[in-house]
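The values are calculated or read from the model by the stated rules, or taken from the named source; none is laboratory data. Just so we're clear, the structure is a prediction, and the values are computed from it rather than from any experiment. Neighbour counts run over all protein chains shown; Cβ positions are idealised from the backbone, glycine included. Ligands, DNA and RNA are excluded from the accessible area calculation, which covers all protein heavy atoms including side chains. Shrake-Rupley method; radii C 1.70, N 1.55, O 1.52, S 1.80 Å.
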Number of protein chains: 4
Amino acid sequence: MKALVYKGPGQKAVEERAKPALAAPGDAIVRMVKTTICGTDLHILKGDVATCAPGRILGHEGTGIVDSVGTAVAAFKPGDRVVVSCVSSCGKCVYCRRGMFSHCTTGGWILGNTIDGTQAEYVRTPHADTSLYPIPEGGDEEALAMLSDILPTGFECGVLNGKVQPGASVAIVGAGPIGLAALLTAQLYSPASIVMVDLEDNRLAVAKRFGATATVNSTDGKAVATILKMTGGRGVDTAIEAVGIPATFEMCAEIVAPGGVVANIGVHGKQVALHLERLWDRNISITTRLVDTSSTPMLLSILGSGRIDPKLLITHRFVFDRILDAYAAFVDAAKSKALKVIVAF
Amino acid sequence: MKALVYKGPGQKAVEERAKPALAAPGDAIVRMVKTTICGTDLHILKGDVATCAPGRILGHEGTGIVDSVGTAVAAFKPGDRVVVSCVSSCGKCVYCRRGMFSHCTTGGWILGNTIDGTQAEYVRTPHADTSLYPIPEGGDEEALAMLSDILPTGFECGVLNGKVQPGASVAIVGAGPIGLAALLTAQLYSPASIVMVDLEDNRLAVAKRFGATATVNSTDGKAVATILKMTGGRGVDTAIEAVGIPATFEMCAEIVAPGGVVANIGVHGKQVALHLERLWDRNISITTRLVDTSSTPMLLSILGSGRIDPKLLITHRFVFDRILDAYAAFVDAAKSKALKVIVAF
Amino acid sequence: MKALVYKGPGQKAVEERAKPALAAPGDAIVRMVKTTICGTDLHILKGDVATCAPGRILGHEGTGIVDSVGTAVAAFKPGDRVVVSCVSSCGKCVYCRRGMFSHCTTGGWILGNTIDGTQAEYVRTPHADTSLYPIPEGGDEEALAMLSDILPTGFECGVLNGKVQPGASVAIVGAGPIGLAALLTAQLYSPASIVMVDLEDNRLAVAKRFGATATVNSTDGKAVATILKMTGGRGVDTAIEAVGIPATFEMCAEIVAPGGVVANIGVHGKQVALHLERLWDRNISITTRLVDTSSTPMLLSILGSGRIDPKLLITHRFVFDRILDAYAAFVDAAKSKALKVIVAF
Amino acid sequence: MKALVYKGPGQKAVEERAKPALAAPGDAIVRMVKTTICGTDLHILKGDVATCAPGRILGHEGTGIVDSVGTAVAAFKPGDRVVVSCVSSCGKCVYCRRGMFSHCTTGGWILGNTIDGTQAEYVRTPHADTSLYPIPEGGDEEALAMLSDILPTGFECGVLNGKVQPGASVAIVGAGPIGLAALLTAQLYSPASIVMVDLEDNRLAVAKRFGATATVNSTDGKAVATILKMTGGRGVDTAIEAVGIPATFEMCAEIVAPGGVVANIGVHGKQVALHLERLWDRNISITTRLVDTSSTPMLLSILGSGRIDPKLLITHRFVFDRILDAYAAFVDAAKSKALKVIVAF
């Protein structure tokens, strides 16, 4: 089969690989139908993710059709259409029993990281019963590929951790795909306002279409003052960090109201300054989270009800033979205006 | 009347002052019976608290007897014995309605800070109906002085924010009075273990008596490794910061388990490093809080039930004429072994 | 001034009364601009509300303009436009401090019940600072009259108590004004489905317009079976009782899924049968609640954001001189199709 | 092997049966070391549990040693000492993923009900990885047999559902084994008071030893008045029903304070009257629950910390050959004063 392989920092290639085989009773082999590319794949390609060794097939998102299942798999059979979750969960360990699948002792984020991933014709998925989700009749395989990672990540790490509530004020710093996923899912809780902050007017225009009630271009260095002014000096109830650098985190800590939450989604590469000398008496919370995908069943239900259209996030489509072009478009998002790119098999 | 007055950085004096008068319909004048000294008073004396101007009568804790009340005061009358809360709460503003009395728009921590405080024979207490608490019959005025600040602070900022739960593991970094207050009140939730960390063996010995299940002297720089070893490499569910310096905050962030909470109590004077490059995927929360004293009625009930003995925290007693000696003992806690010092009128 | 007065079971009259005067420092006198009629007013007129004595001016809803304030009122001054909350809250008692204003020891539902109410040119409102809400600039006095009672009641007793969540399933039994208010506010949490149950097709048609995803006419006695079928035999996550009779409560208990909630809003006049022999192992909750109006500030924010249009609930308008006609229309809702009727001064 | 078999209403016998065999990849066979008898076993023997057919080996509690495991079992191997949970949980279904193991679609309470149980030398346990719990080194097999059912039931259905909080007031109606288990575990949350209600002074004396702060013998029909008097007319924050008959449930509904919870543990055989005409405006919750045993890991941790001594519940010990005597003692608890009886193999 064909697969997109990480060849070491800065290098990737489409290679021919053997079709994966069942390795444990709980495994399934899934024939991929649609996959997509995540910012984390770019982190790996920069050499920033130590756990991912050269030779690894990349990818942790997508939808497909079950090809075969191990003897312990009860919920799926060959032919079933499925969403592949970016997080594998055994359902048994202490973390899984608490709903913290991200820290599953034999799972978590392993696909396209410590085991081969979904940017290939077939993928082996461990703990299939608790890591795949059935696609309902009529479900769209492109739309549901957004359930592998980006929608639950925006929702769990941003919206749930950020305790977004009806009538509240929200700011989302970073209008890339993950910030936009937070924006889409934040509206499930009907906040009174959602301010979107970014450096690019193009992304802010997209954010407006996606439901932002206001946008702030932070190029002029005055975003903090602008947002404080918008909120009568109080700050926002929820500040969602969706970039992953010190400047944006620190902006979130400056715009959060007393009693509010800074919900970090960004993947950070270095430490940030936390100004406890100003924050110690502000009654705030700061949260971090690797997505658990525990909200996937709920989001499936939401998508079924039509309250969110995940296809808003999809801007480009490629066949697998052109996956290198898909990467190029995704990397050069400023020019291509790419959000999520679908790669079809 | 006599009062302990802040005279500018490094200086304080007992002075003769006029007895305070009612200034608003919600005020009460309280004749103090017992007061005590807080670490925050020492911060003021170092010149670290910009809001507190020279000439201010210090003190925000204590018990007393109502001397007179304004026309809008309904819950108290002259002669009533009361606890004076360190936080004044109007009961009406948006923050008070949310239970966040610390950020009351006309209250919060004002006593001994922006208005005259409790280290004097009389004190004027604004918003008396919602800032004083009745002492039940038989209530001990020394024990209940611990309800003005230290017990609710340890409980709300450390235990409640830290989400201490039955069976969980807790570490408290800092075994001074506030860390010990967190230790006493953490036991209300029956954690399986409470590890106390400090640099002084004397304080750790006190912590053992107060209910710590283990202690770690961090002088050797190996406290993080020791605590991780104690918890099978996992870390603790709740790490309570009770010092207020970067080293102890950063220790808390290193020992917290996935899914856990770092609950900050310490008053910080400078920024700390937050290692989001290690924490972004750990599913943790970090909380800050100025005490709201919203737990005071509950703690009064707990004290009535005998489940906590707040007098464990009281090590020294002075009459008001010797309040400078009380300060000396409190400042030199290493030598005097002072925790809380009672000053009686 | 003119006022609508309860004259004993079955009797009411418009009478001339003295304009009320301030009676306590926390009082305000409000000149009414709009008022409305509640199902509870009809209960009083039936003689079902023992606390309400003949001679009482009815009404606990409406918007107006502050005419005068007592010496302890800080938040309002004459000329301010305000929403009068159906629940008076002192902000000080143990219940108010817990956010349970409905059980305020000197307040709760007193207007138009134990003290004179809002169906008059002027009304005296105790605890004004914490029982009136400011109308923002541009705020519509008719729309905001829906904030006195019906919207917070539907939201707090039905939606919040019912723990409505994104993606969940909801059934609301009773499509009268209060059931429709629950329907409008339930959508703030984006449930996947909301089934509305009633005996009248007309009301169900209104419910469809208000956002119900399905409707069930229960005339045929098969509503339980129909709803179970709709939910794959599982039942609904939230069943909201919005009628107040045994049959509808018992229906809710039959359609609630394991792990779900029956949230009672209805005012009941007799006991109901609770089939614990079927429910003891179903892991359900049943909740009751007199509205606290603690959600009023949030709902004000929501209305400002345009996410809910409360005027959908208003079907009829009368001037005060025709308030008896307004009552007639409201009583005969089957024929008049009245939901909420506005009475203007 | 020998087994205690249900022979139809009123009949039971010790019989020789074949040792069970593994039937599914997730099964384990456990050699029982200690078992015990539950009130539910008596319900079955009365013919009240329709799901349990004659011929069934009874019992759903106990500790043992793993004898063999299926191919999908990862967490246990032969020789491991284990607690057998009364609830079997697959870890995969929608209910298990929500922590509601009691409603597991292929598990729940099946042992000694729909499949053979633990009152036998060997038992087959489905979903072993998520239905057995490892006994820590040094763990006492008698003490830990209390973790199969009675302690999690008292804790989850009574204490957690009842939202017992520090400083709060609790009443437990019924001082049998399950009420006493609620009493023991309620203390993990440090309520200020726990009143125990029963008809027998002997049981109330036991309750006093177990930590009740007050006891009420309800024989005189004045228990409601007595408890209201104890609580200043307010009622209790949490009323736990631990009997399972209308009179005790209705008592709980009469003594619960505004804002409080009635947490039902009892197994009911008929409907109860719910006085919504008095309760609709009291802001209370009523909860039901079949134990999920989701708290078992936490309770294991608590038992390890020594905060609860489960052996307080054990009054009698028998060898398996005398299990009919064990039943006799358990049935005639009034005379034998039996709480839990241990049957050893």
Of C:331, C:319, C:343, the only residue that is out of contact with any Cys (no Cβ under 8 Å at 6 or more places or on another chain) and either buried (at least 23 other Cβ atoms within 10 Å of the Cβ) or under 30 Å from residue C:90 (Cβ atoms) (or both) is C:343
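Could you please give the count of residues in the stretch A:172-196 that are within 15 Å of residue A:242 (Cβ to Cβ) and either touching a Ser or Thr at 6+ places or on another chain (Cβ under 9 Å) or in a helix (DSSP H, G or I) (or both)? Can you show your working first?
Within the stretch A:172-196, the first condition is being within 15 Å of residue A:242 (Cβ to Cβ), and the residues that meet it are A:172-186, A:194-196.
Then drop every residue that is not either touching a Ser or Thr at 6+ places or on another chain (Cβ under 9 Å) or in a helix (DSSP H, G or I) (or both), which leaves A:172-175, A:177-186, A:194-196.
Result for the stretch A:172-196: 17.
Please go through the stretch B:245-260 and pick out each residue that is within 9 Å of another protein chain (Cβ to nearest Cβ) and open to solvent by less than 20 Å² (accessible area, probe 1.4 Å). Lay out the reasoning, then the answer.
The initial filter retains those residues of the stretch B:245-260 that are within 9 Å of another protein chain (Cβ to nearest Cβ), namely B:246, B:249, B:258-259.
Within the stretch B:245-260, B:249, B:258 qualify.
Is it the case that some residue within the stretch A:175-192 is among the aromatic types (Phe, Trp, Tyr) and under 18 Å from the mean Cα position of the chain (by Cα)?
No, because not a single residue in the stretch A:175-192 is among the aromatic types (Phe, Trp, Tyr) and under 18 Å from the mean Cα position of the chain (by Cα).
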Can you say whether residue B:200 is charged (D, E, K, R), open to solvent by 20 Å² or more (accessible area, probe 1.4 Å), within 29 Å of residue A:98 (Cα to Cα) and away from chain D (no Cβ under 14 Å), as far as the supplied structure shows? no
When the stretch C:131-157 is checked residue by residue, the ones that are open to solvent by 10 Å² or more (accessible area, probe 1.4 Å) and part of a loop (DSSP other than H, G, I, E, B) are C:135, C:136, C:137, C:138, C:139, C:140, C:149
Of the residues in the stretch D:233-244, those that are more than 11 Å from every other protein chain (Cβ to nearest Cβ), part of a loop (DSSP other than H, G, I, E, B) and either at negative phi or modelled with pLDDT under 95 (or both) number 2
Within the stretch C:222-244, residues open to solvent by 30 Å² or more (accessible area, probe 1.4 Å) and not β-branched (Val, Ile, Thr) come out as C:222, C:225, C:228, C:229, C:230, C:232, C:233, C:234, C:237
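Can you pull out the residues in the stretch D:74-89 that are more than 15 Å from residue D:136 (Cα to Cα), open to solvent by 20 Å² or more (accessible area, probe 1.4 Å) and within 12 Å of another protein chain (Cβ to nearest Cβ)? Steps first, please.
So the first thing to find is which residues in the stretch D:74-89 are more than 15 Å from residue D:136 (Cα to Cα), and the list is D:74, D:78, D:85-89.
Still in the running and open to solvent by 20 Å² or more (accessible area, probe 1.4 Å): D:74, D:78.
Of everything in the stretch D:74-89, just one residue is more than 15 Å from residue D:136 (Cα to Cα), open to solvent by 20 Å² or more (accessible area, probe 1.4 Å) and within 12 Å of another protein chain (Cβ to nearest Cβ), namely D:74.
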The residue that is nearest to residue B:311 (Cα to Cα), considering only those in the stretch B:162-197 that are of a type in the set (S, T, N, Q) and open to solvent by less than 20 Å² (accessible area, probe 1.4 Å), is B:185
Scanning the stretch D:115-130 residue by residue, those within 14 Å of another protein chain (Cβ to nearest Cβ) and part of a loop (DSSP other than H, G, I, E, B) turn out to be D:126, D:127
Scanning the stretch A:39-67 for residues that are surrounded by fewer than 24 Cβ atoms within 10 Å (Cβ to Cβ) and assigned to a loop (DSSP other than H, G, I, E, B) gives A:46, A:47, A:48, A:49, A:50, A:51, A:52, A:53, A:54, A:55, A:56
When the stretch C:114-129 is checked residue by residue, the ones that are open to solvent by 10 Å² or more (accessible area, probe 1.4 Å) and not hydrophobic (A, V, I, L, M, F, W, C) are C:114, C:116, C:121, C:122, C:124, C:126, C:127, C:129
Being under 30 Å from residue D:105 (Cβ atoms), more than 14 Å from chain A (Cβ to nearest Cβ), in contact (Cβ under 8 Å) with a residue 24 or more places away in the chain and hydroxyl-bearing (Ser, Thr, Tyr) narrows C:218, C:148 down to just C:218
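With respect to residue C:265, is the statement that it is more than 17 Å from the chain's Cα centre (by Cα) and either open to solvent by less than 10 Å² (accessible area, probe 1.4 Å) or among the β-branched types (Val, Ile, Thr) (or both) true? Before the answer, list the steps.
On the way: more than 17 Å from the chain's Cα centre (by Cα): no; either open to solvent by less than 10 Å² (accessible area, probe 1.4 Å) or among the β-branched types (Val, Ile, Thr) (or both): yes.
For residue C:265, the condition - more than 17 Å from the chain's Cα centre (by Cα) and either open to solvent by less than 10 Å² (accessible area, probe 1.4 Å) or among the β-branched types (Val, Ile, Thr) (or both) - is not met.
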Here the residues within the stretch D:291-316 that are free of Cβ contacts under 8 Å to residues at least 60 places away in the same chain and either away from chain B (no Cβ under 14 Å) or not in a loop (DSSP other than H, G, I, E, B) (or both) are D:298, D:301, D:305, D:315, D:316
Per the list (1) within 8 Å of chain A (Cβ to nearest Cβ); (2) within 19 Å of the chain's Cα centre (by Cα), residue check on residue B:274 breaks on (2)
Picking from B:278, B:307, the residue that is open to solvent by 10 Å² or more (accessible area, probe 1.4 Å) and at pLDDT 95 or above would be B:278
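Going through the stretch B:211-252 one residue at a time, which ones are hydroxyl-bearing (Ser, Thr, Tyr) and either over 28 Å from the mean Cα position of the chain (by Cα) or under 13 Å from residue B:170 (Cα atoms) (or both)?
Taking the stretch B:211-252 and keeping what is hydroxyl-bearing (Ser, Thr, Tyr), we get B:213, B:215, B:218-219, B:226, B:231, B:238, B:248.
Within the stretch B:211-252, B:213, B:215, B:226, B:231, B:238 meet the criteria.
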